[in-house]
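Structure record follows, encoded as structure tokens.
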Amino acid sequence: KQWYQRRVAITAGGREGQIVLEGARPGDWVKVNPNQIGLFRVKYSDDLLKRLLPAVKNQALSSADRLGIQQDLFALAKAGYSSTANLLTLMGSYSNERNYVVLSSINTNLSDLGGLFNHLPCYQQFKAMRRQIFSKILTEVGWENKETDGHTDALLRSMLIGTLGHSGDTEVIEKCNEMFKQHISGGKQIPADIRGSVYSTVRANGGNDEYQDLLTLFNKTDLHEERDRIQRVLGCGPDADLRAKTLDFSLSDAVRSNDTPFVIGGVAKAGWEGRDQTWAFVKNKYPIFLERYSGGFLFQRLVQTTCASFVDMEKYKDVEKFFSENKAPSAERAIKQSLESIKLRAGWLERDGEAVAQWFKDRGF
């Protein structure tokens, strides 16, 4: 039974109180803060969250409520107020979701979780979960533009291809490779709205041949939009030598200085190995970056891109020590934010890492 309580109670003597939901029967699901009209997070007990799962899956809740439930739980899990295992259980209920805003939020939060887990054995199971959530949706959305597409369908299609391509979906990887081969041979061209996702998938699952093909495309075109698509994905592959080549390429004359941090960011997204490799490169080339970007927004961006995603306190100490010895006044705020992010993520992993691994094991991923 759907029932919304729109009144808020505040007690004078404390922060906790009890509200009786008249009309709600035992066992009913209850969604607090309907349509997210209030600016606060909602923590559900395990029992209340379990009751909400069918309402999420069959979309008895509005899109705003489906969005809000997972955003609240993600924020609470990240801050240590709720279980990440519960968050994963909730996210598994969105396989019937079609709203782009909801799916984009889930994808962003799953990507954040992926950065937390990508050095752990359970990461392959995590990727299997992402495939389970998103593969059915791509089948329905399709690869080709349709006359019936709404304004967000193209965005959704591109997001799904990229996510599944980086999650080991063999059908998506094969389709992207096929499209890429036709594209570079002068055959059917990849539609612009999914080209970046196809390039990224090909690069993430390819080797030197695909890398060279992308560089050839880069050198052939004068369109900055196309060059930017390519340069941002060059570093996302599994080969450490090619990632190193991309980092050197980022400082070459072929790349605009304003684009360099984004090329480097592509390497930083290539798992924990990419993070470590990028940070080592930035430390080694620090005088160049300081001369180029000191005092500007891009220097702050570079710091956050290379540092904020670490997940252990050893890296925290390394980053803190480096910037204590290499002052960067213009990026002081970005450095503090990055250190705070590392500490938060390290605590999150220590707190929930084992429970997450057990969650995947229990569900047979």
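The values are calculated or read from the model by the stated rules, or taken from the named source; none is laboratory data. Keep in mind the model is a prediction, meaning the values are calculated, not measured. Backbone-built Cβ (ideal geometry, glycine too); neighbour counts: all protein chains shown. Protein only, heavy atoms only, side chains kept; ligands, DNA and RNA dropped before computing areas. Shrake-Rupley method; radii C 1.70, N 1.55, O 1.52, S 1.80 Å.
Descriptive notes on the structure:
- Adding -39500 (n - 2.57) for every DSSP H run of four residues or longer, then dividing by how many residues the chain holds, sets the calculated 222 nm ellipticity at -20500 deg cm²/dmol.
- Three-way shape label, the chain, alpha-carbon gyration tensor, a/c 1.5: oblate
- Sorted on the mean count of surrounding Cβ atoms within 10 Å across their residues, most packed first, peptides 92-100, 297-305, 135-143 read 297-305, 92-100, 135-143.
- Those residues of the stretch 177-214 whose amide nitrogen sits under 13 Å from the label point placed on LEU223, 7 Å along Cα→Cβ: 189-196
- Segments 81-87, 355-361, 220-226 sorted - mean Cβ within 10 Å per residue, highest first: 81-87, 355-361, 220-226
- Kirkwood radius and radius of gyration were both taken over the C-alpha atoms of the stretch 148-196, and their ratio Rg/Rh is 1.00.
- Note that the chain presents 51 Å² accessible area per residue, ligands and nucleic acids not counted, probe 1.4 Å.
- q = 0.17 Å⁻¹, the stretch 230-351: log10 I(q)/I(0) [Debye, one scatterer per Cα]: -0.81
- Annotation: peptides 262-273, 118-129, ranked by per-residue average of other Cβ atoms within 10 Å with the highest first, follow the order 262-273, 118-129.
- Among PHE134, PRO26, ILE264 the positive-end extreme of the charge dipole of the chain (Cβ point charges): PRO26
- When only alpha carbons are used to place a centre, the stretch 37-76 and the stretch 103-165 end up 20 Å from one another.
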